[in-house]
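What follows is a single structure, written as C-alpha coordinates, with notes after it.
The values are calculated or read from the model by the stated rules, or taken from the named source; none is laboratory data. Just so it is clear, the model here is predicted, and its values are computed rather than measured. Every residue, glycine as well, gets a Cβ built from its backbone with ideal geometry; the counts of neighbours run over all protein chains shown. For the accessible areas, the whole protein counts, side chains as well, though only heavy atoms, and no ligand, DNA or RNA atoms are used. Shrake-Rupley method; radii C 1.70, N 1.55, O 1.52, S 1.80 Å.
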Amino acid sequence: MIDRPWLREQLIPDGSVRHIIVEQPDGDDWQRLWSALRRHDPKPSYFCGADPTRMPPTIESVFALSPEPSRTVLFEWRGVTVTFCIYGGLEADFTVNPADTDHDTAIVDLLGWLGDLLHRPVTLIHENRPDYTILHYDPADGRYAHPPWP
(Lines give C-alpha, C1' and ligand atoms only; values in the text may rest on other atoms or scores of the structure.)
Protein backbone atom coordinates (compact mmCIF):
# COMPACT_ATOMS: atom_id res chain seq x y z
CA MET A 1 0.00 0.00 0.00
CA ILE A 2 1.27 3.44 -0.90
CA ASP A 3 1.61 6.01 1.87
CA ARG A 4 -0.01 8.86 -0.11
CA PRO A 5 0.93 11.70 2.30
CA TRP A 6 4.56 10.55 2.24
CA LEU A 7 4.51 10.31 -1.58
CA ARG A 8 3.02 13.81 -1.87
CA GLU A 9 5.90 15.12 0.25
CA GLN A 10 8.35 13.59 -2.23
CA LEU A 11 6.60 15.44 -5.06
CA ILE A 12 6.69 18.90 -3.47
CA PRO A 13 8.38 21.23 -5.99
CA ASP A 14 11.95 21.89 -4.90
CA GLY A 15 13.54 23.09 -8.14
CA SER A 16 14.55 19.62 -9.29
CA VAL A 17 12.81 17.01 -11.40
CA ARG A 18 12.02 13.36 -10.80
CA HIS A 19 13.25 10.63 -13.13
CA ILE A 20 11.61 7.34 -13.99
CA ILE A 21 14.07 4.57 -14.72
CA VAL A 22 13.14 1.33 -16.50
CA GLU A 23 15.10 -1.75 -15.43
CA GLN A 24 16.98 -3.47 -18.27
CA PRO A 25 14.76 -2.62 -21.23
CA ASP A 26 15.49 -4.11 -24.62
CA GLY A 27 14.68 -2.90 -28.12
CA ASP A 28 11.31 -4.68 -28.19
CA ASP A 29 10.30 -2.97 -24.93
CA TRP A 30 11.15 0.46 -26.31
CA GLN A 31 9.32 -0.30 -29.57
CA ARG A 32 6.14 -1.19 -27.62
CA LEU A 33 6.41 2.16 -25.88
CA TRP A 34 7.12 3.99 -29.15
CA SER A 35 4.06 2.41 -30.79
CA ALA A 36 1.90 3.33 -27.80
CA LEU A 37 3.15 6.93 -27.87
CA ARG A 38 2.42 7.22 -31.60
CA ARG A 39 -1.23 6.31 -30.78
CA HIS A 40 -1.35 8.41 -27.59
CA ASP A 41 -4.02 11.08 -27.19
CA PRO A 42 -3.20 13.90 -27.03
CA LYS A 43 -0.53 13.44 -29.68
CA PRO A 44 3.03 13.70 -28.29
CA SER A 45 5.57 16.23 -29.53
CA TYR A 46 8.80 14.79 -30.91
CA PHE A 47 11.98 16.85 -31.08
CA CYS A 48 15.26 16.27 -32.85
CA GLY A 49 17.46 18.74 -31.02
CA ALA A 50 15.33 21.85 -30.59
CA ASP A 51 13.33 21.23 -33.78
CA PRO A 52 9.89 19.58 -33.70
CA THR A 53 9.47 16.86 -36.31
CA ARG A 54 7.34 13.78 -37.08
CA MET A 55 7.86 10.66 -35.00
CA PRO A 56 9.42 7.94 -37.16
CA PRO A 57 7.48 4.65 -37.32
CA THR A 58 10.09 2.78 -35.28
CA ILE A 59 12.36 3.76 -32.43
CA GLU A 60 15.36 1.90 -33.86
CA SER A 61 16.42 4.87 -36.02
CA VAL A 62 15.99 7.23 -33.07
CA PHE A 63 18.39 5.24 -30.89
CA ALA A 64 20.82 4.96 -33.80
CA LEU A 65 21.02 8.76 -34.15
CA SER A 66 21.18 9.63 -30.47
CA PRO A 67 22.81 11.10 -28.44
CA GLU A 68 23.59 13.83 -30.99
CA PRO A 69 21.33 15.59 -31.64
CA SER A 70 19.18 14.98 -28.59
CA ARG A 71 15.89 13.14 -29.10
CA THR A 72 12.95 13.97 -26.89
CA VAL A 73 9.28 13.08 -26.80
CA LEU A 74 6.93 15.20 -24.71
CA PHE A 75 3.60 13.65 -23.84
CA GLU A 76 0.82 14.36 -21.40
CA TRP A 77 -0.22 11.80 -18.83
CA ARG A 78 -3.36 12.76 -16.91
CA GLY A 79 -2.38 16.42 -16.80
CA VAL A 80 1.34 15.84 -16.19
CA THR A 81 3.89 16.64 -18.89
CA VAL A 82 6.30 13.74 -19.25
CA THR A 83 9.64 14.03 -21.05
CA PHE A 84 10.98 10.85 -22.64
CA CYS A 85 14.71 11.41 -23.27
CA ILE A 86 16.59 9.09 -25.63
CA TYR A 87 20.35 9.04 -25.14
CA GLY A 88 21.61 6.40 -27.56
CA GLY A 89 22.22 2.67 -27.49
CA LEU A 90 19.16 1.53 -25.56
CA GLU A 91 19.52 4.23 -22.92
CA ALA A 92 16.53 6.42 -22.13
CA ASP A 93 14.56 7.72 -19.18
CA PHE A 94 11.50 9.74 -18.30
CA THR A 95 11.33 13.03 -16.45
CA VAL A 96 8.47 14.69 -14.61
CA ASN A 97 8.57 18.08 -12.96
CA PRO A 98 6.74 18.17 -9.62
CA ALA A 99 5.77 21.78 -10.30
CA ASP A 100 3.71 20.52 -13.27
CA THR A 101 1.45 18.25 -11.21
CA ASP A 102 -0.86 18.86 -8.31
CA HIS A 103 -1.58 15.23 -7.53
CA ASP A 104 0.29 11.99 -7.00
CA THR A 105 -2.31 9.77 -8.67
CA ALA A 106 -1.03 10.60 -12.17
CA ILE A 107 2.52 9.64 -11.17
CA VAL A 108 1.40 6.34 -9.66
CA ASP A 109 -0.68 5.57 -12.76
CA LEU A 110 2.22 6.51 -15.05
CA LEU A 111 4.57 4.09 -13.28
CA GLY A 112 1.96 1.33 -13.53
CA TRP A 113 1.31 2.01 -17.22
CA LEU A 114 5.02 2.06 -18.10
CA GLY A 115 5.80 -1.06 -16.08
CA ASP A 116 2.87 -3.02 -17.50
CA LEU A 117 3.52 -1.88 -21.08
CA LEU A 118 7.25 -2.60 -20.96
CA HIS A 119 6.98 -5.71 -18.76
CA ARG A 120 9.80 -4.24 -16.65
CA PRO A 121 10.10 -2.83 -13.14
CA VAL A 122 10.17 0.97 -13.05
CA THR A 123 11.49 3.28 -10.35
CA LEU A 124 10.82 6.93 -9.58
CA ILE A 125 13.92 8.71 -8.25
CA HIS A 126 14.88 12.25 -7.25
CA GLU A 127 17.15 14.09 -9.71
CA ASN A 128 19.65 15.06 -7.03
CA ARG A 129 19.48 11.77 -5.14
CA PRO A 130 19.62 9.03 -7.78
CA ASP A 131 20.32 6.34 -5.18
CA TYR A 132 17.08 7.17 -3.33
CA THR A 133 13.98 5.38 -4.57
CA ILE A 134 10.78 7.35 -4.15
CA LEU A 135 8.47 4.71 -5.62
CA HIS A 136 9.05 1.36 -7.31
CA TYR A 137 6.56 -0.65 -9.37
CA ASP A 138 7.08 -4.27 -10.40
CA PRO A 139 4.63 -5.55 -13.02
CA ALA A 140 5.47 -9.17 -12.14
CA ASP A 141 3.37 -8.87 -8.99
CA GLY A 142 1.59 -5.54 -9.60
CA ARG A 143 2.95 -4.11 -6.35
CA TYR A 144 4.22 -0.65 -5.52
CA ALA A 145 6.87 -0.18 -2.86
CA HIS A 146 8.62 2.80 -1.28
CA PRO A 147 10.79 3.47 1.77
CA PRO A 148 10.75 2.36 4.45
CA TRP A 149 11.11 -1.01 2.79
CA PRO A 150 9.19 -3.94 4.31
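Remarks
- Averaging the sequence gap over all C-alpha pairs within less than 8 Å and six or more residues apart, then dividing by the number of residues, gives segment 80-150 a relative contact order of 19 percent.
- Degrees separating the helix 105-118 axis from the principal Cα axis of the chain, which is the longest one: 50 degrees
- For the chain, the longest principal axis of the C-alpha atoms and the axis of helix 27-39 are separated by about 90°.
- Extension gain from residue 47 to residue 60, taking 0.36 nm per residue of separation minus the Cα-Cα distance: 3.1 nm
- Positive minus negative residues near residue 25 (Lys, Arg vs Asp, Glu; Cβ under 12 Å): -4
- With the simple spin-label model, which puts each label point 7 Å out from Cα in the Cβ direction, the residue 1 to residue 78 separation comes to 1.9 nm.
- Accessible area of the chain divided out per residue, in Å², using a probe of 1.4 angstrom: 53 Å²
- When 55, 1 are compared by accessible area at a 1.4 angstrom probe, the order from most to least is 1, 55.
- Length-normalised contact order of segment 1-66 in % [C-alpha pairs under 8 Å, at least 6 apart]: 24 percent
- Calculated from backbone phi, Karplus (6.51, -1.76, 1.60) coupling profile of segment 15-22 in Hz, x at Gly/Pro: x, 10, 9, 10, 9, 10, 10, 9
- For the chain: rounded, prolate or oblate by the Cα gyration tensor [a/c cutoff 1.5]: prolate
- Förster-model FRET efficiency, 22 Å R0, residue 40 and residue 99, C-beta, rounded to 0.05: 0.45
- Note on the chain: with neighbouring protein chains present and a 1.4 Å probe, carbon and sulfur make up 51 percent of its accessible heavy-atom surface.
- Global geometry of segment 82-128, whether rounded, prolate or oblate, following the gyration tensor of its Cα atoms and the 1.5 cut on a/c: oblate
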